Amino acid sequence: MLNIHAKDRQHGFSLVELLIALLLGSVLLAMIIGLYVTGVSTGAKSLKYSRLRTDLQSIIAIMETDIRRAGYGGENYLVGATGDKGIDINSGGDCIVYYYNHNSSVTLESSNQMAFSFKDSTIKFKTGVGQVANTVCAVTTGWTDVSDDQFISITDLAFTESITSSASATIRSVKIELAGELVSDSAYTHAITTRVQVRNLEFN
């Protein structure tokens with residue numbers, strides 16, 4: 001007997017068609033995974049670079065705030081070999097000494113005697129220091145890390161002093177140049193340059 005429904009029979013996929021479909025699906029899945037991994041990696045690096053910039057900006061802000069106040073408190077808070085300057089920078093240009101009366105002390109205290117320095121790829125801070133930067137900065141002990149050496153490697157710190165004098169007073173300003181890179185990837189770098197003026201005049 002003739003089967004009038006024979007032409008309506010449905011056939012499944014052949015083995016070759018299944019293999020091709022699996023191959024195309026695998027390629028598509030690999031592309032999607034690759035894009036995802038790239039996106040996650042890029043996002044993580046962007047976050048690290050953002051933190052690098054933020055950390056360097058924070059360090060600069062701390063330095064600016066302190067150096068701007070240098071010499072506040074009177075003659076006892078001046079530095080240098082002759083004790084007549086608001087700030088003293090070492091010959092290498094990577095360390096600065098300054099005093100200021102941040103706690104309204106009646107007499108000069110060790111916490112009023114401060115210095116920033118660049119040592120071992122790290123920004124360092126110290127209190128209770130002497131008046132002469134070359135002497136203070138030659139000492140390698142007693143410093144506290146300001147930057148995180150597990151995350152950032154400081155590549156440069158430079159202080160450059162500018163002086164404006166008149167018959168009655170001297171005004172000092174300092175250009176600060178700071179640069180660093182990620183410890184995990186030295187390709188990610190950032191540099192900041194700023195200038196801060198010492199507010200307290202040195203009367204001649």
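The values are calculated or read from the model by the stated rules, or taken from the named source; none is laboratory data. These figures come from a predicted structure and were not determined experimentally. Backbone-built Cβ (ideal geometry, glycine too); neighbour counts: all protein chains shown.
Things worth noting here:
- Among (1) over 24 Å from the mean Cα position of the chain (by Cα); (2) loosely packed, with under 14 Cβ neighbours inside 10 Å - the single one N134 does not satisfy: (2)
- Enumerated strands (runs of 3 or more DSSP E) restricted to the stretch 72-174, each holding at least 1 residues that are modelled with pLDDT of 95 or more, on the phi < 0 side of the Ramachandran plot and hydroxyl-bearing (S, T, Y): 95-99, 113-119, 122-127, 152-165
- Any hit, the stretch 166-179, residues being over 28 Å from N200 (Cβ atoms) and under 23 Å from the mean Cα position of the chain (by Cα): yes
- Enumeration of residues in the stretch 132-158 that are over 17 Å from D120 (Cα atoms) and in contact with a strand residue (DSSP E or B) (Cβ under 8 Å, 6 or more places away or on another chain): V132, A133
- Entry remark, the stretch 145-204: residues being among the small types (G, A, S) and closer than 22 Å to D84 by Cα number 7 in total.
- Screening R199 with (1) basic (K, R); (2) in contact with a strand residue (DSSP E or B) (Cβ under 7 Å, 6 or more places away or on another chain); (3) part of a loop (DSSP other than H, G, I, E, B) gives one miss only, at (2).
- Residue within the stretch 176-188 that is in a strand (DSSP E or B) and closer than 21 Å to V79 by Cα present: yes
- Among the conditions (1) more than 17 Å from D66 (Cα to Cα); (2) in contact (Cβ under 8 Å) with a residue 12 or more places away in the chain, Y98 misses just one, which is (1).
- Given (1) within 30 Å of the chain's Cα centre (by Cα); (2) at pLDDT 90 or above, index of the condition G43 fails: (2)
- Where a residue in the stretch 107-133 is within 19 Å of A61 (Cβ to Cβ) and its partner, wherever it lies, is of a type in the set (D, E) and part of a loop (DSSP other than H, G, I, E, B), with Cβ under 8 Å and at least six apart: S117/D94; F118/D94; T122/D149
- Residue list for the stretch 44-59, filter: touching a residue at least 40 places away in the same chain (Cβ under 8 Å) and more than 18 Å from K124 (Cβ to Cβ): K45, K48, Y49, R51, L52, R53, Q57
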